[in-house]
Each structure stands twice: as structure tokens, then as C-alpha cells.
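This is the structure, below, for whatever I ask next.
Nothing in this text is a laboratory measurement; each read-out follows from the coordinates by a stated rule. These figures come from a predicted structure and were not determined experimentally. Quick reminder, even Gly has a Cβ in these numbers, built from the backbone with ideal geometry, and neighbours come from all protein chains shown.
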Amino acid sequence: MRKKIVAGNWKMNTTVPEGVELAKAVAAKAKEVPAGVELVVAPPFTHLALVADALKGSPVKLSAQNCADKEKGAYTGEVSVAMLCSVGCDYTILGHSERRQYYGETDAKLVEKTKLALAAGLKVILCVGENLDEREAGKHFDVVSNQTKAVLYNFTAEDMKNIVVAYEPVWAIGTGKTATAEQAEEIHACIRKVLADKFGAQVADDTTILYGGSCKPSNAKELFAQPDIDGGLIGGAALKAEDFIGIAVSF
Ligand code: PEP
């Protein structure tokens, strides 16, 4: 059976001491979460080493929010996958819509980043999702299918064991507007079909697909009850341990 995951994307929030406190609070509450649900926190780069310490002895996994598309060298301001591994990261998020929109993250770069991450032993949470214009034009299935193919069709069934997909409709991120459970489910089923077409039904069935976009304790239960929704990538609500855990106990 595929893994259930609730991952918290802290984005550019919290100072280092605040982040360490938040990580400790999440670790302390992790025992409330049903067995088989994996918790992941993704703090900013500056926090990772100290958050790794704060999580020691807890089951909570550590993720970065991005990584460089180069292995090492003269790339000022970048952070490599080797650096992330050296501070104890288990995952990196890639292709978040904010990175695609504000930092010119292209599918080609995401392929390079995913290759480097997997080669270093990091798992990848790859984000896909349509914007409001695309949804209103009825293009959401095509947009999400194409984003998924553009990156993941460069990988193998074996690689897919270490890749999680997160469907995050851009119009639902940080807006308080959640996709309905039906809207999310039909896109998740579509992503799974795209994966099945390339890697076969078993790989598609084993791949964890998360929903992200204004997910909170009050709507997580209905979303997580859908057959193809295997958890959430959480932004705003991940900044309070109580809300984050409140979402993870919704399975
Ligand atoms: C996100 O950006 O990954 C996200 C899901 O944000 P929010 O939960 O705040 O909508």
C-alpha cells in the first residue's frame, strides 16, 4: 500500500529559533498521528541543521524546499543536494508554483534537480498544478498532465519509488480557497493515469500523490477520504504545530 504523507512547507517563514521551536512542537505531537502516516517538515535552508537536531529521536522527516540544478562549484547563492544530505534531509520539494512563477523554474531545470536529488539519495516531492486562468479555460487536466510528463517521463519505474507528486492548484495556494474534494480527486486520478501510461498500473498505484492548497484541519478529512489523495502538502497551516497535526490526524 502506498505511503500517506503530511508535509509542511514553511516557505520563507520563521526565524531560526522560531523554526526550532515549531519543529520541537511537531515532534512532541507526532505520536498523535495514526501509524503509517509520515510527517515531513520543510523549513528554509538556514534552519535545516538545527531543525534536524530538534527532530532527532522523532519519526518526523526533514525536507528542503528546493535544491540547486548543479552538483557543486561557482553557483553563488545556491544549495546543493550534497549539502542537504549532509544536514540530514530526507526529501526536497521541487517545482513549487512559487518557484515556477517567481524564480523561473522550468521543467528542464526540474529534470536536472530531480536527477541530482535522486542520485544523492534524497526523495523528491514534485509539485504540479494549474493557475486560475487555466482552470477557468478548462485546461487543468492538460496542464497538470503535461507538467507531470515533462518531468517524470524522464525517469524510471525504479526512480518513482523515491518520488512523491503534489497536486497544488495555484488558485488555492494561500488564498483560503480549497479545491473541493471532487475537483482534487479527479486531478489526482488523472495524474495516476499519466503515471500508469508510462510506468504501469503497479507503479502508479504505489505512488503517493498529495493535495496542497489551503488545506486545514477543517477540510482535510474530506480531502483525505478520496481514493487517490494520499495526504497533503501544507503551507500556512504548517506554521502552527496544532493545525499541522490536526491535519495529519484526519486520516
Ligand atoms: C503550498 O504552498 O504548498 C500550500 C499548500 O500553501 P497553503 O496551504 O498556504 O495554501
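What order do you get for 158-168, 49-59 when each peptide is scored by the mean count of other beta carbon atoms within 10 Å, highest first?
Answer by packing, highest mean first, reads 158-168, 49-59.
How many angstrom separate the Cα center of the stretch 167-200 from the Cα center of the stretch 46-109?
24
Now a separate question. Name the most mobile residue of LYS113, LYS216, LYS139, meaning the one with the largest mean-square fluctuation, in a Gaussian network model of the chain with Cα contacts below 10 Å.
Looking only at LYS113, LYS216, LYS139, the biggest GNM fluctuation is shown by LYS139.
Hey, any idea what Rg/Rh is for the stretch 25-73, computing Rh the Kirkwood way over Cα pairs?
Using Cα coordinates only, the ratio equals 1.07.
While we're on this one: Pairs LYS193/LYS240; LYS70/LYS240; LYS70/LYS193; LYS56/LYS240: which exceed 28 Å Cα-Cα?
Values: LYS193/LYS240 35 Å; LYS70/LYS240 34 Å; LYS70/LYS193 31 Å; LYS56/LYS240 20 Å.
Those over the limit are LYS193/LYS240; LYS70/LYS240; LYS70/LYS193.
Still on this structure: Helix-derived [θ] at 222 nm for the chain: sum -39500 (n - 2.57) over DSSP H runs of at least 4, divide by residue count, nearest 500?
Here the helix-only value at 222 nm equals -12500 deg cm²/dmol.
Now, a different point. Stretched out fully, how many nm does the piece from THR46 to LYS72 gain, at 0.36 nm a residue minus the Cα gap?
Full extension of this stretch gives 7.5 nm more.
Pop out the ³J(HN,Hα) list for the stretch 186-198 in order, Karplus 6.51 cos²θ - 1.76 cosθ + 1.60 with θ = phi - 60°, rounded to Hz; leave Gly and Pro as x.
Coupling constants for the stretch 186-198: 5, 6, 4, 5, 5, 4, 5, 5, 4, 5, 4, 4, 9 Hz.
Obtain the radius of gyration and the Kirkwood radius of the stretch 1-141 from its C-alpha atoms and give Rg over Rh.
0.99
Another question, if that's okay. Between TYR102, TYR211, TYR91, which gets the highest mean-square fluctuation from a Gaussian network model of the chain, Cα cutoff 10 Å?
Maximum among the listed residues: TYR102.
If you average 1/r over all unlike Cα pairs in the stretch 56-139 and invert the result, what Kirkwood radius do you get in angstrom? Can you show the working numbers first?
Working: mean 1/r = 0.0722 Å⁻¹.
It is 13.9 Å.
Can you tell me which of HIS188, HIS47, HIS96 moves the most in a GNM of the chain? Springs connect C-alpha atoms under 10 Å apart.
Maximum among the listed residues: HIS47.
Return, for the Cα atoms of the chain, the radius of gyration and Dmax in Å, separated by a comma.
Cα-based Rg and Dmax for the chain come out at 16.7, 48 Å.
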